[in-house]
Amino acid sequence: MILTIDIGNMTTLIGGFVEQKLQFTCRCASDRTRTEDEYVLLIRDLLSMYEVNWAEVEGSILSSVVPSLRTIVCRAVERLTGKRVLVVGPGLKNGLNIRIDDPSELGGDMVINSVAALAKYPKPIVIFDMETATTMSVIGRDGAYLGGALIPGIRVSVDAMSASAAQLPYITLTPPAKLICSSTVSCMQSGAVYGCAATVDGLSDGVEQELGEMPTIVLTGSYASLVAPYCHKKIHLDENLQLDGLRLLYEKNQPKRKKNNFK
C-alpha cells in the first residue's frame, strides 16, 4: 500500500493505494495545535477503520500548504510506517514544464493537481481546487503549466461577509433550492453557491478567450461537489485528483517503477 496525504489549511485528506487503485479515503481537521504524538494516534485510529496493515505500507508521500504541520505529520507517519516519507517540494521530480515567473512559488497542491490532470484529461485544462482558497491552474495545449488565479474560497467568503455585516448570521453551506430566495439564510446560501459556480463559468470563458480554445474543466477540493451541479459548463468533478497526483509523483520518484497514465 502507498499512503498519500494532502494537508490543506482546513482539512487533511488521506488515501491508500494498492496496485494503483484507491482503496479508501478519510479526512481530519488540519489542527495546528496537535503534537506529533497526537497525530500518530489520530492517523493510526483513522486508518484502523480501514484495517490498514502497517507492515504492508510500502511508502508514503505528503503534500502540505501548512508549513507548521508538514514536519509534524511527516514524522508521525514515519513512526507508524518505519519508512521515509516523500514530501512534495524542491528536489522531488514532477515532470511539469512550469512557465511562471518563479516556479518555486507554485504550491504543492497545484503541482499534484496538475500532474494528475495531465494524466487523466485532454489538454488544455483548467483546474479549480475549492478549499480555503479556490485556486485556478491552467495547463496549455503543449502540457505546460501556464499560471492561474487565486480566489477567496466559498467558506472564507461567506464567513467574511458574516463577520463584517452585523445583521448577517454565520451559516452552513447547503445546496440552495433556487437562485431567488426569500430568507436571509437562503439568500446567503444561494449567493455563495451560485456565485461560486458563476465564477467557475466566467473564469473558464476567460481562459478560453486567452488560449483560443475551450479547455477541459476539472473541479476538485472539499467544496467541489457542492458547486459543480450549478455550473453551466461541462464539468469533470474529480474529488480524488490530489490523491491521484500524489500517487503518480510517488511513482515518478521510484527507481525502475512503471509509470501509469490513466489513458
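Below is a table of values for the structure above.
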read-out: Cα convex hull of the chain, projected area averaged across orientations, nm²; value: 15.4 nm²
read-out: Principal axes of the stretch 128-238: Cα extent on each, largest first, Å; value: 49, 24, 23
read-out: Estimated FRET transfer efficiency when R0 is 51 angstrom, pair ASP205-THR33 (beta carbons, to 0.05); value: 0.75
read-out: Sorted peptide list for 16-26, 68-78, criterion being average Cβ within 10 angstrom, highest first; value: 68-78, 16-26
read-out: Under-5 Å amide H pairs with VAL87, H placed in peptide plane, nonlocal only; value: LEU62
read-out: On Cα atoms only, tilt of 108-120 relative to the major axis of the chain in degrees; value: 90 degrees
read-out: Karplus 3J(HN,Hα) series, Hz, for the stretch 237-248 with 6.51 cos²θ - 1.76 cosθ + 1.60 (x for Gly, Pro); value: 7, 9, 6, 10, 4, 4, 5, 4, x, 5, 4, 5
read-out: Selected from THR81, THR33, THR135 as most flexible by GNM, with the chain as the system and alpha-carbon contacts under 10 Å; value: THR33
read-out: Protection proxy ranking of 115-126, 198-209 - average other beta-carbon atoms within 10 Å, highest first; value: 115-126, 198-209
read-out: Gain in span if fully extended, THR25 to MET10, counting 0.36 nm per residue against the direct Cα distance; value: 3.8 nm
read-out: Dipole magnitude (debye, nearest 20) for the chain, charges at Cβ of Lys, Arg, Asp, Glu; value: 660 debye
read-out: Calculated from backbone phi, Karplus (6.51, -1.76, 1.60) coupling profile of the stretch 24-30 in Hz, x at Gly/Pro; value: 6, 9, 8, 10, 9, 6, 7
read-out: Sequence-distant residues sharing a close amide H with ASN9 (under 5 Å, placed H); value: THR132
read-out: Cα centroid of the stretch 147-178 to Cα centroid of the stretch 40-94, whole Å; value: 32 Å
read-out: 222 nm mean residue ellipticity, helices alone, for the chain (DSSP H n ≥ 4; -39,500 (n - 2.57); rounded to 500); value: -11500 deg cm²/dmol
read-out: 29 Å Cα-Cα threshold exceeded, pairs from LYS123/LYS178; LYS83/LYS123; LYS120/LYS233; value: LYS123/LYS178; LYS83/LYS123
read-out: Protection proxy ranking of 96-108, 218-230 - average other beta-carbon atoms within 10 Å, highest first; value: 218-230, 96-108
read-out: 1.4 Å probe accessible area per residue over the stretch 103-165, in Å²; value: 34 Å²
read-out: Interchain or long-range residues, amide H under 5 Å from HIS236's placed H; value: ILE217, VAL218, LEU219
read-out: The chain, accessible surface, carbon-and-sulfur percent (1.4 angstrom probe); value: 52 percent
read-out: Tilt relative to the chain, helix 67-81 - C-alpha long axis, 0 to 90 degrees, to 10; value: 40 degrees
read-out: Angle between the chain longest axis and helix 184-211 axis [Cα atoms, degrees, rounded to 10]; value: 70 degrees
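The values are calculated or read from the model by the stated rules, or taken from the named source; none is laboratory data. Everything quoted here is computed from the prediction, not taken from an experiment. We place every Cβ from the backbone using ideal geometry, glycine too, and count neighbours over all the protein chains shown. Just so you know, the surface numbers come from the protein's heavy atoms only, side chains and all, with ligands and any DNA or RNA stripped out. Shrake-Rupley method; radii C 1.70, N 1.55, O 1.52, S 1.80 Å.
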